[in-house]
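Down below is the structure, laid out as structure tokens.
Just so you know, all these numbers are worked out from the coordinates, no wet-lab data involved. Predicted model only: the values in this text are computed from it and were never measured. Don't worry about glycine lacking a Cβ; one is built from the backbone with ideal geometry, like all the others, and counts go over all protein chains shown.
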Amino acid sequence: MADRVRPYLFYDVVVSICGTCFRRVEGKLLIADDRVYMSKRCPEHGEERVLVADDAEYWRRSREVFIKPPEQPNHFNTETRWGCPYDCGLCPSHEQHSCLTLVEVTDHCNLRCPVCYSSSGPERPAYRSLATIERMLDAIVANEREPDVVQISGGEPTLHPEFFAILDAARRRPIKHLMVNTNGVRLASDPAFVEQLASYRRGFEVYLQFDSLEREALLKLRGADLRSVRERALAALDEHEISTTLVVTVMRGVNDSEVGRIVEFAASRRCVRGVTFQPVQSAGRLDGFDPARDRLTLTEVRRRILEQTSIFRPEDVIPVPCHPDGIAMAYALKINGSLVPLTGLVPPEVLVDGGRNTIVYEQDATIRDRLFRLFSTNHSPDSAGHSLRDLLCCLPHVDAPQSLRYEDVFRVLVMQFIDAHSFDLRAIKKTCVHIAHPDGRIIPFDTFNLFYRDDLETTRLTPLRRDAEARAGVV
Ligand code: SF4
Ligand code: SF4
Ligand SMILES: [Zn+2]
């Protein structure tokens, strides 16, 4: 009989896409040896087996426990016509509003990184006009009314000749928190620019590319030894007290052994409020990237945080309820350069075991709401100190620091974007990081890179839509 038992748990079916031709395919989610795999089959390109998570227990908890009712935008931008993911967006079938929306202002860049999801570089000179950018900002405001976070991105946005006019345009709108995504080259070399940037300091954050402390890893990921550039950029940001998040693109065997060191380094810098780790996404320019060899999953990065720092315990790094598949987070207090984890101060049964049959989590609506408010990325960081204090006060045995401020809060995020390999239709509908298309659509960042960036909509998506129409008998 034993030889008739398959060596895995069949967990669920999944709608995915083929890693080669991108057509929609069916697959299965399988659990074996505490690992989760997606097994899918394309009629043309055959079987594909992808590691989804190396921690089945965490992965199941993120699906089954850390979920909340989806919040809608105020407005949808497209109709349901061809089916997901061909209708972005946001179409009415999407299950989460935009917690964070990117506005790409140029494809131009002063670097040409071997890995770049937007395929940017010096050879792409175009800048979006201010009028187009204003329309993109208006589309975000129409969807969100008061957008939580808007991130000015590129290419390298600081090279845009009207960069400060773009920030002013964003400031004129009811955007709660503004971020600029940058490789730091201009910050490192243009003190007058940083000084002007500092005048936007309130409700503002620099999202600074920072992949490694090592020369070799930087050469591999960025094509340049950027160590001194990063150092000078951080010195300037420190000097002007501009809140900064370090953004680390993580690639297996390149910089995944530095995760712990980077967290400790970040904690030691005055201006740094957190680190975001992004496992490399199979999209755009990927020189020398082999998905089978180099991909990393969210749980693998989480595991490295736990193994490589003595700061966080497993209960400190938890799924973010608005998009638990794609984002894990740990909050800590930063006290004199040391980190005191905060997420784990919440009793584990409140967070983790709080299924339908457990006491506090499900029954205490106040705590639950506060937790969701705190652990969603969509609260304004300006109010983070306030909600954190609220949370601590409602838990009797924790001393809430009286003077808790946003400056004392440190956030570690793991943000995994979905690519053709890991694509799961259920998860894609819950993504909350979106990007403004110049034509007014708001598109999930993940599907944008798969189907909507540059000419992909014509070359890749149109034939798939035609195929979907033919099969549905629409044509
Ligand atoms: S990913 Fe979201 S916006 Fe895009 S088609 Fe699917 S449900 Fe609609
Ligand atoms: S990854 Fe960023 S810095 Fe590198 S080429 Fe692309 S846009 Fe420029
Ligand atoms: Zn295929």
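Near the amide H of S120, within less than 5 Å, lie the amide hydrogens of G155, all on another chain or at least 5 residues away, with H placed in the peptide plane. With a Förster radius of 35 Å applied to the C-beta separation of E71 and D439, the computed FRET efficiency comes to 0.90. Taking a ≥ b ≥ c as the square roots of the eigenvalues of the Cα gyration tensor, the range 133-292 is prolate, since a/c reaches 1.5 or more and a/b is larger than b/c. Here the label points at E216 and A192, each 7 Å from Cα along the C-beta direction, are separated by 4.2 nm in the simple model.
Number of Lys-Lys pairs in the chain with C-alpha atoms under 29 Å apart and a separation of 8 or more places or on different chains: 14. Scanning residues 5 or more positions from T106 or on other chains, those with amide H under 5 Å from its amide H are R128, with H placed 1.01 Å from N in the peptide plane.
With each label modelled as a point 7 angstrom along the Cα→C-beta vector, the F10-R471 pair spans 2.1 nm. Computing FRET efficiency as 1/(1 + (r/R0)^6) for E123 and E26, where r is the C-beta to C-beta distance and R0 is 41 Å, gives about 0.55. On full extension, the segment bounded by R426 and T459 gains 9.4 nm, given 0.36 nm per residue less the C-alpha separation. What shape does the chain take by its C-alpha gyration tensor, where a ≥ b ≥ c are the square roots of the eigenvalues and a/c under 1.5 counts as rounded, a/b above b/c as prolate, and the rest as oblate? Rounded, since a/c falls under 1.5. Along the axis of the charge dipole computed for the chain (Cβ charges of +1 for Lys and Arg, -1 for Asp and Glu, origin at the Cα centre), the listed residues A332, L219, T297 are led at the positive end by T297. The relative contact order of the chain comes to 18 percent, based on Cα pairs under 8 Å that sit 6 or more residues apart. Counted by neighbouring Cβ atoms within 10 Å, the residues D54, D316 run from fewest to most as D54, D316.
Restricting the GluC sites (Glu not before Pro) of the range 1-65 to loop positions (DSSP other than H, G, I, E, B) with no more than 14 neighbouring Cβ atoms within 10 Å leaves E44.
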